[in-house]
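Trainee: Supplied in structure tokens, the structure appears directly below.
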Amino acid sequence: MEDICGKAEGFKDEKYMIVPTESFAEYMGHPLIKAAYLTDVGFFPRARSHYKEREEGADQYILIYCTDGKGIIEVDGQKIFIGQSDAFCIPRGAKHRYYADEKEPWSILWVHFKGENVKYFPLEEKRLVHIHSRHSDNRMMVLFNLLFCVLEKNYTLGNFIYISQVLQLILSEIYFREKIDESTMQDRHVTMVIRFMYQNLEKNLSLQQIADEVKLSKSYLNTIFKAQTGRAPVEFFIHLKMKEACKLLKSTDLYIYEICARLGYEDQYYFSRIFKKAVGMPPRDYKNGDYFYCE
């Protein structure tokens, strides 16, 4: 039972291409091709009852990208549930089987590949990667379509080089461009923390309290805040408090001690020192002067 396939009659609108690498062996020695080259590529839409099993594994890496629906991949006893915009690579030689979900069968783009440089991608980690960005999802579709379009043309050296580069772009999109999404996630974390700060200007929050509230580590919080705002979290929180103090000093008739209390400071003199350090003048001078903006 080395290679069992539950797909007997194919799927409507499927694409399935086998690359005749053996017939073009001289091309396979080219430095830009032997780095990474594909042997099979395809698209199975709405692949109901799709099932594949290889007891001895495959001689290539197998990348599966789910565009819709659900499926299950089992590798060396590990079960991975895959859904829309998920990618998974089955390592070369690993015993495996994969199949579509019965109720919501997957649609998958897939490619078999190998090469000297694929070792530089984390393909042995058996890690499910979710494509968070709609733009990345669209790029994956475009890149696979490029493979199909080029493979429908002549098998020239130039086309073999081209599809090799596209294959590496697909792998880079999955495993390395995720850093862009990580940056987006950091933006979200910073936004989430700032909102929490705005909602708690009347409190004196410590770094630990902020980190606990948003379920992030203190070190991670410090790093992303300094990168995004130029300030540490607690310093940024004090900055927000002083901006609020500026607004209250100019737009209300509250006494300084009342503003002090509203912003969570018990000691008016301590508040005044912090305000002067942040704004460049004492609260009373700011209130009485022609100043309408607080950095």
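Derivation of every value follows stated rules applied to the coordinates shown; laboratory data play no part. Model, not experiment: these values are computed from the prediction. Positions of Cβ are backbone-derived with ideal geometry, glycine not excepted, and every protein chain shown enters the neighbour counts.
Trainee: Given Cβ point charges of +1 (Lys, Arg) and -1 (Asp, Glu) and nothing else, what value in debye, to the nearest 20, does the dipole of the chain about its Cα centre take?
Mentor: It comes to approximately 1120 debye.
Trainee: Something else about it: So for the chain, taking the charge dipole from beta-carbon charges (+1 Lys/Arg, -1 Asp/Glu), which of ILE238, PRO20, CYS66 sits furthest toward the positive end?
Mentor: Going by the charge dipole, the pick is ILE238.
Trainee: Expressed as a fraction of 2.2 N^0.38 Å, the rule-of-thumb size for a compact globular protein of N residues, what is the C-alpha radius of gyration of the chain?
Mentor: Normalised Cα radius of gyration, the chain: 1.50.
Trainee: Within the range 196-268, list the chymotrypsin sites (Phe, Trp or Tyr not before Pro) lying in a DSSP loop whose Cβ has at most 14 other Cβ atoms in a 10 Å radius.
Mentor: Hits after loop and neighbour filter: TYR255.
Trainee: Same structure again: Beyond 30 Å between alpha-carbons counts as too far, so tell me which of LYS215/LYS287; LYS34/LYS103; LYS119/LYS215; LYS79/LYS114; LYS15/LYS114 fall in that bin.
Mentor: Correct reply: LYS215/LYS287; LYS34/LYS103; LYS119/LYS215.
Trainee: So, one more: Once phi is turned into θ = phi - 60°, what whole-Hz ³J(HN,Hα) does the Karplus curve with 6.51, -1.76 and 1.60 give for every residue of the range 64-77, x standing for Gly and Pro?
Mentor: Karplus values, whole Hz, x for Gly and Pro: 10, 10, 8, 9, 6, x, 9, x, 10, 10, 10, 10, 6, x.
Trainee: Quick one: what are the phi-derived ³J(HN,Hα) couplings along the range 213-223, Karplus 6.51/-1.76/1.60 with θ = phi - 60°, whole Hz, x for glycine and proline?
Mentor: 5, 9, 6, 10, 6, 5, 5, 5, 4, 4, 5
Trainee: Highest first, please rank the peptides 18-26, 85-93, 122-130 by the mean number of other Cβ atoms sitting within 10 Å of their residues.
Mentor: Ranking the peptides 18-26, 85-93, 122-130 by packing returns 85-93, 122-130, 18-26.
Trainee: Based on C-alpha coordinates, I'd like the Rg and Dmax of the range 5-143, in Å.
Mentor: That works out to 15.0, 46 Å for Rg and Dmax.
Trainee: Which of the trypsin sites (Lys or Arg not before Pro) found in the range 194-288 are loop residues per DSSP with 11 or fewer other Cβ atoms within 10 Å of their Cβ?
Mentor: LYS215
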